[in-house]
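Chemist: Pasting a structure below so you can have a look.
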Amino acid sequence: MFVGAAVLPFSAAAEQQEDTEIKFAFYSSAWGENTDDGLRLVAFNQTLAPIRLNSIELHGSEEATQSILIDVDLEVPSGGYADKEFDYLDLLSDDECIDRTMLDNWKLVEISNYTLNPSVRNLIIENTNSFRIYQCVKTISTSWTDLDSNQLFEYDEWVLFHFETRRDL
């Protein structure tokens, strides 16, 4: 949770969100490929005003685990998409669910604040015994600004780590 969110002018206090107006996903070819390729963020703005996605903070899964703050600073038009490239950040460490899943030879496909529907990725799954999807959940804090009103929005929500694998037949 962002400390001091309630004292900022034109700010909404941080609160847990079930469904948000700003959808986003992180992608990296480095996941599972042992490369140092960067991260790509794609954001979709469902509001009636242009926004600036200020930051995304992935909270540590335990008290001993540090949070990861990503300074996004990305303007997204109303009803539109925008993307940004980042140097590689390790978003996968220090989480039991992610560690266990990666050891079981699953491939991380994306990290997003929405449920991944395989049809969105143009996948046709005819035999669910040969293709599987698995997800890990992590709490994050998202900060964005409505550029028309200069109102700051901060809230906690979840991201899903979407993994895929094919079974050996």
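Chemist: Roughly how many Å² of Cys97 are accessible to a 1.4 Å probe, to the nearest 10?
Modeler: Probe radius 1.4 Å; accessible area of Cys97 about 30 Å².
Chemist: On a full-extension model of 0.36 nm per residue, what is the gain between Asn105 and Asp156, subtracting their alpha-carbon distance, rounded to one decimal in nm? Mind dumping the intermediate values first?
Modeler: Details: separation 51, 0.36 × 51 = 18.36 nm, distance 3.02 nm.
In short, 15.3 nm is gained.
Chemist: Apply 1/(1 + (r/R0)^6) to the Cβ-Cβ distance of Ser78 and Thr139, taking R0 = 22 Å, and write down the FRET efficiency to the nearest 0.05.
Modeler: Working: r = 28 Å, r/R0 = 1.26.
After rounding, the FRET efficiency stands at 0.20.
Chemist: Can you give the FRET efficiency for Cys97 and Leu147, using 1/(1 + (r/R0)^6), R0 = 45 Å, r = Cβ-Cβ distance, to the nearest 0.05? Spell out each step's value before the answer.
Modeler: Working: r = 36 Å, r/R0 = 0.80.
Calculated transfer efficiency: 0.80.
Chemist: Sticking with this one: For the range 30-110, with only Lys/Arg (+1) and Asp/Glu (-1) charged at the beta-carbon, what is the dipole magnitude about the Cα centre, in debye rounded to 20?
Modeler: Numbers: 5 positive and 19 negative charges, 97 e Å.
Dipole magnitude for the range 30-110 comes out near 460 debye.
Chemist: What is the calculated FRET efficiency for Ser67 to Tyr88, with r their C-beta to C-beta distance and R₀ = 25 Å, to the nearest 0.05?
Modeler: On the way: r = 18 Å, r/R0 = 0.71.
The value I calculate is 0.90.
The values are calculated or read from the model by the stated rules, or taken from the named source; none is laboratory data. Note that the coordinates shown come from a computational prediction; the quantities given were computed from them, not determined experimentally. For neighbour counting, all protein chains shown are included, and Cβ atoms are generated from backbone atoms with ideal geometry for every residue, glycine included. Ligands, DNA and RNA are stripped out before the accessible areas are found, and what is left, the full protein with its side chains, is counted by its heavy atoms. Shrake-Rupley method; radii C 1.70, N 1.55, O 1.52, S 1.80 Å.
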